[in-house]
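Engineer: Attaching a single structure in structure tokens format; questions to follow.
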Amino acid sequence: MRRALAATLSYLWSGWGAIASLCLFMAAWEWGAHVYGDLALPAPMAVFGRLGDMLVQGGAWGELAVSARRAMLGFALALAAGSLLGMLAGLSMTAAMVSRPLVTLLVGMPPIAWLVLAMLWFGTGDITPVFTVLVACFPVVFAAAMQGARTLDGGLRDMARAYRLPRRLLFTELYLPHMLSYLFPAWITALGSSWKVVVMAELLSAPDGVGAALAVSRSHLDTEASLAWIAAILGLLLAVEYLVLEPIKRRVERWRTA
């Protein structure tokens, strides 16, 4: 009980650093608004006020839900496929050598190129942004999983096998902690990429979602509304990272502080 309480307090205290960085960003934003004016860069309070109005009126919730569904579906597919296939590739030297140039090509392929191909293959709708998120995030997760499997301490593995450690414990106590130390940074990077890619895909190919709403505000030269949509999508990104991924990371990495 005490250990759980101490871990909770430590997690809450660590949030002050993130809050301080956000406050510094807001101060720089406010300064920029005074320098460049409301047309180019509206003040933070004006933007958040506009976002509040959009949320109260109810029009923003549907667009945010559509974008979140597409981003999280593509992210989940990339996470599952990249983690599993990367781990399997890392267990074989041949598979790692064969897949390495392919991963380099996938990482170097611009998401906009994948989007153009997806529009030609699938047209408009849900499949195009989900596919673009999947192919943009997959190589990041795959490379991390492969590297994690390749760098597992062979001595620890041999010792576990010598003591005939059950397969379940071998996975949960040896493979999983080591793999997660590589996977979590990749998952967080892929999570950020998923939101960026889905908004870009919706901007060019979808009739709904935050990207489509940004296209409308751009056509009206409404900088305040554009920034309000951007603030909304970034808020969702921070919520998923700090309320979902970060607690899971702290829970599975308790061995670091044991």
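Engineer: Restricted to Cα positions, what overall size does segment 190-240 have along the principal axes? Three whole-Å values, descending.
Structural biologist: 31, 23, 13
Engineer: Ratio of alpha-carbon Rg to the 2.2 N^0.38 Å globular estimate for segment 37-104, to two decimals, please. Could you put the intermediate results ahead of the total?
Structural biologist: Details: Rg = 21.4 Å, N = 68, 2.2 N^0.38 = 10.9 Å.
Segment 37-104 yields a ratio of 1.96.
Engineer: Next up: Which order do the peptides 129-137, 242-250 take when ranked by the mean count of other beta-carbon atoms within 10 Å per residue, highest first?
Structural biologist: Numbers: 129-137: 26.6, 242-250: 13.7.
In descending order of packing, they fall as 129-137, 242-250.
Engineer: Taking 0.36 nm per residue of sequence separation and subtracting the Cα-Cα distance, how much length would be gained by fully extending the chain between S181 and F25, in nm to one decimal?
Structural biologist: Result: 53.3 nm gained on full extension.
Engineer: Write down the accessible area per residue of segment 68-137 in Å², having rolled a 1.4 Å probe over the full set of protein chains.
Structural biologist: On the way: 3700 Å² over 70 residues.
The answer is 53 Å² per residue.
Engineer: Could you look at segment 183-230 and say what percent of its accessible area is carbon and sulfur, using a 1.4 Å probe and all protein chains? Show your work: numbers first, answer last.
Structural biologist: Values: 1240 of 1850 Å².
Roughly 67 percent of what the probe reaches on segment 183-230 is carbon or sulfur.
Engineer: Let me ask you something else. Karplus couplings for segment 36-44 from phi (6.51 cos²θ - 1.76 cosθ + 1.60, θ = phi - 60°), rounded to Hz, Gly and Pro as x?
Structural biologist: The phi angles translate into 9, x, 5, 5, 7, 8, x, 5, x Hz.
Engineer: Short version: what are the Cα gyration tensor semi-axes of segment 93-144, square root of 5 times each eigenvalue, largest first, in whole Å?
Structural biologist: Semi-axes, largest first: 25, 10, 9 Å.
Engineer: Got a sec to turn the phi values of segment 141-146 into Karplus ³J(HN,Hα) couplings, 6.51 cos²θ - 1.76 cosθ + 1.60 with θ = phi - 60°, whole Hz, x for Gly and Pro?
Structural biologist: Listing the rounded values in order: 5, 4, 4, 5, 5, 5 Hz.
Engineer: Quick check: Cα centre of segment 102-145 to Cα centre of segment 176-237, how many Å?
Structural biologist: That distance is 15 Å.
Engineer: Of A76, G37, M93, which is farthest along the charge dipole of segment 25-110 in the positive direction, counting Lys and Arg as +1 and Asp and Glu as -1 at C-beta?
Structural biologist: My answer, from the dipole projection, is M93.
The values are calculated or read from the model by the stated rules, or taken from the named source; none is laboratory data. These numbers were taken from a predicted model, which means no experiment stands behind them. Note that we place each Cβ from the backbone using ideal geometry, even for glycine, and neighbour counts take in every protein chain shown. Side chains included, ligands, DNA and RNA excluded: accessible areas come from the protein's heavy atoms. Shrake-Rupley method; radii C 1.70, N 1.55, O 1.52, S 1.80 Å.
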